[in-house]
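Notes follow the structure.
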Amino acid sequence: MPKLYEYLGILFYFYSNEHEPIHIHAKKAEFESKAEFYIVNGIISEIKIISVKGKKPLFGTELKNFQAFLEHYATEIVIKWIDYFVYHKEITFEKITKKIK
């Protein structure tokens with residue numbers, strides 16, 4: 001399970017046996033959601049935040065922080081997905097301590 005980021009206590013990661021569409025999991029305490037990235041002609045056309053089966057979804061401030069993070073880091077997340085699942089490269093973990101505005 002490669003961990004990609006930590007942002008305001010939210011852990012962002014891929015599972016090692018992931019599937020398409022490209023997506024990332026976000027977890028804080030017992031809450032977990034995921035974001036799916038839809039790409040058309042090489043451009044992210046849509047990001048959908050969805051629930052994870054059997055888990056309570058992020059809500060309130062954590063959901064807003066998740067959304068802000070996705071808006072800022074979407075392209076980097078897609079690049080990391082491709083690097084890890086297509087090119088089998090190591091993924092470096094990054095802790096982000098500055099709040100995204």
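Just in segment 11-78: which trypsin sites (Lys or Arg not before Pro) are loop by DSSP and have at most 10 other Cβ atoms within 10 Å?
Details: sites: 27, 28, 34, 48, 53, 55, 64; in loops: 53, 55.
Answer by residue number: 53.
Compute the orientation-averaged projected area for segment 3-96 from the convex hull of its Cα atoms and round it to one decimal in nm².
5.9 nm²
Can you pull the one-decimal nm distance between simple spin-label points at residue 96 and residue 8, each 7 Å off the Cα toward Cβ?
Once both label points are built, they end up 1.0 nm from each other.
For the residues 16, 51, what sequence is obtained by ranking on other C-beta atoms within 10 Å, fewest first?
16, 51
Just in segment 1-74: which chymotrypsin sites (Phe, Trp or Tyr not before Pro) are loop by DSSP and have at most 13 other Cβ atoms within 10 Å? Provide the component values of the computation, followed by the final result.
Numbers: sites: 5, 7, 12, 13, 14, 15, 31, 37, 38, 59, 66, 69, 73; in loops: 14, 15, 59.
Of the chymotrypsin sites (Phe, Trp or Tyr not before Pro), the ones in loops of segment 1-74 whose Cβ has at most 13 other Cβ atoms within 10 Å are 15, 59.
Select from segment 1-61 those GluC sites (Glu not before Pro) which occupy a DSSP coil region and have at most 12 other Cβ atoms within 10 Å, ordered by residue number.
30
If the label point is 7 Å along Cα→Cβ of residue 68, which residues in segment 15-37 have backbone nitrogen under 17 Å from it?
27-28
Using 24 Å as the Cα-Cα cut-off, could you pick out the over-long pairs in 55/99; 3/56; 56/89?
Violating the 24 Å Cα-Cα cut-off are 55/99; 56/89.
Treat each spin label as a single point 7 Å out from the Cα along the C-beta direction, and report the residue 43 to residue 61 distance in nm.
Taking the two extended label points, one gets 3.6 nm.
Run the reach check for residue 28 against aspartates and glutamates, Cα to Cα strictly under 13 Å, same-chain hits fewer than 8 apart removed. What comes back?
Here the aspartates and glutamates satisfying the reach criterion relative to residue 28 are 6, 62.
Treat every Asp and Glu Cβ in the chain as -1 and every Lys and Arg Cβ as +1, leave all other atoms uncharged, and give the resulting dipole magnitude about the Cα centre to the nearest 20 debye.
Dipole size: approximately 400 debye.
All of the numbers you see were taken from the coordinates with simple rules; none came from a lab. Note that this is a predicted model, so its numbers are computed, not measured. Positions of Cβ are backbone-derived with ideal geometry, glycine not excepted, and every protein chain shown enters the neighbour counts.
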